[in-house]
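Shown next, in structure tokens, is the structure this report addresses.
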Amino acid sequence: MNDLFPEDTVSWQVQEQHFREILARYDVGEVRVPIVEHTELFARAIGDVTDIVQKEMYTFPDRNGESLTLRPEGTAGVVRALVEHGGLRGKTPRVYYMGPMFRHERPQKGRYRQFHQLGVEYLGMESAAADAEIIALSARLLKSASVSAELQINSLGTPASRARYREILLAYLRPLAEGLCADCQSRLERNPLRVLDCKVENCQKIAVGAPRLFDHLDPESERHFLQLRRLLDVLEIPYTVNPALVRGLDYYHRTVFEWVTAALGSQGTVLAGGRYDGLVAQLGGPDTPAIGFAVGMERLLALQALQNGQVPLPVPDLFMGAMDEESVAPLLQMAENLRNRGVSAITAGPTGFRALLRQAERSASRYQVLLGVSQLQGGTVLLKEQLGDRHWEGSWQDLPFGLAALGVDFPDA
Ligand code: HAM
């Protein structure tokens, strides 16, 4: 779990702002749901046999003895909320959420126990048009962070075609089970599809020769997938079909997709999602097709820093230092006055001249001004550029004019 300081959060805030602007263009509204839910919700939604539910949830009894879990992902809670508040009958909500998720995974670079997602969910739309639009939206979100990644897509078919395929896959894997890693051996019977995207070399070798789900799709899923591919071509969104893409959550039907990069090492999936047509009904709602995705914020921002450098902290316009007690009140007053007009100002003191100069330098503000009694009593103040030699001299009351003369903007003037 990470602690973030202003030099870290600056890139988060910039990115979140880009996201909100883009989401508004798609008419996607924000939902805020609790970060704890009943454990049963995740077991039902994500699937009892998944790694997330079996090994990674932060689960605890509350004071009433009910089993609660810190959300490992956002989709289940959002669907729960929409079902509970009747938000689905005859409606096609499109919603997004931002916030922390919790998974007790083995931590490594790009994999944390508390991480953050921006998630988007489109509900009530069955056509491949929704898949194409949501992928276009995901592409735009990544573009707004100026990162480049590769889009991979696959189709998992329907639960029925997947169940048929599961048997075909098991028949292939069982005789080869000894060559699989310990994890895959233990999940072979429970969740054989996971073997296909295991990162262990031997498992990958075995996976290469496996029959492909993709070749056992039902006709309707095949048609849906073809239509999606056609729409992505029209929208000029390049992709590769990755038949090994199976995802770690059980609720997916048909389309699944990931944006991946090799630049982040083993945790290279920046954004991932897919269609989950059965989930709403499974959680007690009306039969509602749905599709969504989530971006991992830590991974996105790590990739951004790698590809574009760190986002710099904003530079305050003015450092204002009081050299004695008497100057404190007028200095604070002037600072408030400037902030009213949209100027960013930081104040310091009262303290000695040298200490203020050091603080001014550290503040990295564009301009600095120091105030003492002698300047207040009719003398002039010196407004100085921190890194250059532009300056202005005048009375304290006229400081706003000095700032304007040196080119400081007054956005709210
Ligand atoms: P997910 O693939 O489990 O999908 O997670 C989505 C993204 O969250 C990942 O691609 C990754 O960027 C980030 N992520 C996941 N686990 C970690 C971690 N331990 N540390 C850092 N980042 C992580 C879901 O959560 C689905 N709910 C997405 C979705 C929404 N599908 C449909 N709607």
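The values are calculated or read from the model by the stated rules, or taken from the named source; none is laboratory data. Everything numeric in this text was worked out from a predicted model, so none of it was measured. As a convention, Cβ positions derive from the backbone with ideal geometry for all residues, glycine included, and neighbour counts pool all protein chains shown.
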* Residues Phe319, Phe293: which one is among the aromatic types (Phe, Trp, Tyr) and away from the ligand (no atom under 16 Å from the Cβ)? -> Phe319
* Structure fact -> In segment 80-94, residues that are surrounded by fewer than 16 Cβ atoms within 10 Å (Cβ to Cβ) and without any contact (Cβ under 8 Å) to a residue 40 or more places away in the chain total 6
* Working carefully through the options Leu283, Leu264, find the one that is surrounded by fewer than 23 Cβ atoms within 10 Å (Cβ to Cβ), under 22 Å from Met101 (Cα atoms), modelled with pLDDT of 95 or more and not basic (Lys, Arg). => Leu283
* Structure fact -> Taking first residues from segment 11-38 that are surrounded by 17 or more Cβ atoms within 10 Å (Cβ to Cβ) and second residues anywhere that are in a loop (DSSP other than H, G, I, E, B) and modelled with pLDDT under 95, the pairs with Cβ under 6 Å that are 6 or more apart or on different chains are Ser11/Val311
* Asked: Does segment 321-341 contain at least one residue that is of a type in the set (Asp, Glu) and surrounded by 15 or more Cβ atoms within 10 Å (Cβ to Cβ)?
  -> yes
* Quick one: is Asp250 out of contact with any Leu (no Cβ under 7 Å at 6 or more places or on another chain) and either assigned to a strand (DSSP E or B) or within 12 Å of the ligand (Cβ to nearest atom) (or both)? -> yes
* To do: Select from segment 79-114 the residues that are within 14 Å of the ligand (Cβ to nearest atom) and touching a Ser or Thr at 6+ places or on another chain (Cβ under 9 Å) and list them in ascending order.
  => Val79, Leu82, Phe102, Gln108, Lys109, Gly110, Arg111
* Asked: Among the strands (runs of 3 or more DSSP E) contained in segment 58-123, which hold 2 or more residues that are within 12 Å of His38 (Cα to Cα) and among the aromatic types (Phe, Trp, Tyr)?
  -> 58-61
* Pairs, first over 26 Å from Met297 (Cα atoms) in segment 117-132, second assigned to a loop (DSSP other than H, G, I, E, B) and away from the ligand (no atom under 14 Å from the Cβ), C-beta under 7 Å, six or more apart -> Gly124/Leu88; Gly124/Lys91; Gly124/Thr92; Met125/Thr92
* Structure fact -> Per the filter on segment 189-227, residues in a loop (DSSP other than H, G, I, E, B), over 17 Å from Asp250 (Cα atoms) and basic (Lys, Arg) are Lys199, Arg212
* To do: Given the conditions (1) closer than 30 Å to Arg80 by Cα; (2) in contact (Cβ under 8 Å) with a residue 24 or more places away in the chain; (3) not in a strand (DSSP E or B), report the number of the one that Phe293 does not fulfil.
  => (3)
* Got at least one residue in segment 306-315 being more than 14 Å from the ligand (Cβ to nearest atom), in contact with a strand residue (DSSP E or B) (Cβ under 6 Å, 6 or more places away or on another chain) and touching a residue at least 24 places away in the same chain (Cβ under 8 Å)? -> no
* Asked: Any residue at all in segment 298-305 that is within 18 Å of the chain's Cα centre (by Cα), polar (S, T, N, Q) and not in a loop (DSSP other than H, G, I, E, B)?
  -> yes
